[in-house]
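Following: one structure in structure tokens, then a few remarks.
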Amino acid sequence: FRPSLPRNMTGFQGRGPPGWSMSKTLLSCLVLALLAACAHGFAAPSVLPRSVARSTPSLRSTRFQAVSTLNVASTSRRSTMQTTMSSPKTSPKNVGKTSDKNVKENLGKMARDLASTIEKVLGEELELQDFTLPVDLERVAGEMDGNMCIIENSAWQSKAFRKIHIELATFLTSSGEGSGLDILHVVMFPRYEVAGPSVPMFGCDVVCVRGQVTAAIVDLSPMSREKKLSADYIKAYDKACRGLTEFEEPRDIPEFGSHIFGDRCVFVRPSGKDECDRFIKLCGEVLKVHCRQSTKVVEEASLTPDEVAEALEAQNLYCEKQCENEKTRRILEGSFGVEWTDRYMETLLFDKPVVQ
């Protein structure tokens, strides 16, 4: 909305006392100016400008400064939040200087290196455009019991994917030191209407506790009713990932994941530097396969209405089951409360696709 001034500034011919015509003109100009200010973000926070596309995606830490701070009383997890938008330079007193921490730089080495690998592969394999996130969810800080959880979200889209989401999270003490929990979370949501059931969901998570990687998972979740990857995906995956999927300490798939994860899912507790490096390499190879195969599918696909419906049904199920992850929910509710967690999980982490 970009209002323009009337061509003839003195052209108002309405009846009224002397001087009314000019007063009416000035009043109209004032109203238009106020509307223009509102349209440009004067009255409400607006998304900061971004480039339309970039050859190498950059995480939010390198692009934005605004932070949404949520304070949750430790004695209650329900609707006790107070949300404010501020820059780190004017952070609320109880937040201190911890809210301007660069989350990626504060992560443990494996999570940080994996984030860089994912950024690099995405930039090399896909033509990315920015995806607009809710401004109050791009970077958010929640405090409870003296510790602060800072979350940074970055997202893009492409021809094959409606959203490619990377979440980085770290917990800090009041002095700004790491308190021992770092999280990397990545999900790629296909455009079901053009990708169909042949393009799976790529998911990757790493959890580090006190410098040790306790959980690392990478998966291609099938979008077909048979819950199987296509022959082309399997062939490309097995060739690229040969020798990278064996780890000393595999972990059991959680109950919610048994409904959606694929048979090539790798869920482990990496032991030592060699296994951490192997997992990073595995994720990079899986992501390359996914980007290349999805591009090929979208370019060649001629979908039937039933295939489109099949892909939509599977993606909805994926989002529903992921929202049943109680470990994720408990961590978020502890710092941000129940209502905020519901909104965050259902509208950002695992939002269902809009039906075309």
List the residue pairs whose Cβ atoms are under 6 Å apart, where the first residue sits in region 308-336 and is of a type in the set (A, V, I, L, M), the second is surrounded by fewer than 20 Cβ atoms within 10 Å (Cβ to Cβ), and the two are 6 or more positions apart or on different chains.
VAL308/GLU193
Residues in region 171-182: is at least one open to solvent by 50 Å² or more (accessible area, probe 1.4 Å) and under 22 Å from LEU287 (Cα atoms)?
no
Counting only residues that are in contact with an Asp or Glu (Cβ under 9 Å, 6 or more places away or on another chain) and in a strand (DSSP E or B), which one in region 152-161 is nearest to LYS296 (Cα to Cα)?
GLN157
The residue that is modelled with the highest pLDDT, considering only those in region 302-322 that are part of a loop (DSSP other than H, G, I, E, B) and loosely packed, with under 15 Cβ neighbours inside 10 Å, is THR304
Those residues that are within 26 Å of LYS273 (Cα to Cα) and assigned to a helix (DSSP H, G or I), I need them from region 234-262; list them, please.
TYR237, ASP238, LYS239, ALA240
Exactly one of these conditions fails for THR132: (1) assigned to a loop (DSSP other than H, G, I, E, B); (2) at pLDDT 90 or above; (3) open to solvent by less than 10 Å² (accessible area, probe 1.4 Å). Give me its number.
(3)
Can you name every residue in region 268-284 that is surrounded by fewer than 21 Cβ atoms within 10 Å (Cβ to Cβ) and in a loop (DSSP other than H, G, I, E, B)?
ARG269, SER271
Within region 342-356, work out how many residues are more than 14 Å from the chain's Cα centre (by Cα) and either in a loop (DSSP other than H, G, I, E, B) or among the polar types (S, T, N, Q) (or both).
4
Only one residue in SER221, SER230 is at pLDDT 95 or above, under 19 Å from the mean Cα position of the chain (by Cα) and polar (S, T, N, Q). Which one?
SER221
Complete set of residues in region 204-239 that are out of contact with any Gly (no Cβ under 8 Å at 6 or more places or on another chain), of a type outside the set (Val, Ile, Thr) and open to solvent by 30 Å² or more (accessible area, probe 1.4 Å):
ASP205, GLN212, ARG225, GLU226, SER230, ALA231, ASP232, LYS235, ASP238, LYS239
Given the conditions (1) surrounded by 14 or more Cβ atoms within 10 Å (Cβ to Cβ); (2) modelled with pLDDT of 95 or more; (3) not small (Gly, Ala, Ser), report the number of the one that ASN325 does not fulfil.
(2)
Scan region 176-183 and tell me whether some residue there is within 21 Å of ARG329 (Cα to Cα) and either free of Cβ contacts under 8 Å to residues at least 24 places away in the same chain or of a type in the set (A, V, I, L, M) (or both).
yes
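The values are calculated or read from the model by the stated rules, or taken from the named source; none is laboratory data. None of the values given here were measured: they were computed from a predicted structure. Note that each Cβ is placed from the backbone with ideal geometry, even for glycine, and that neighbours are counted across all protein chains shown. Quick note on the areas: whole protein, heavy atoms, side chains included, nothing else; ligands and nucleic acids left out. Shrake-Rupley method; radii C 1.70, N 1.55, O 1.52, S 1.80 Å.
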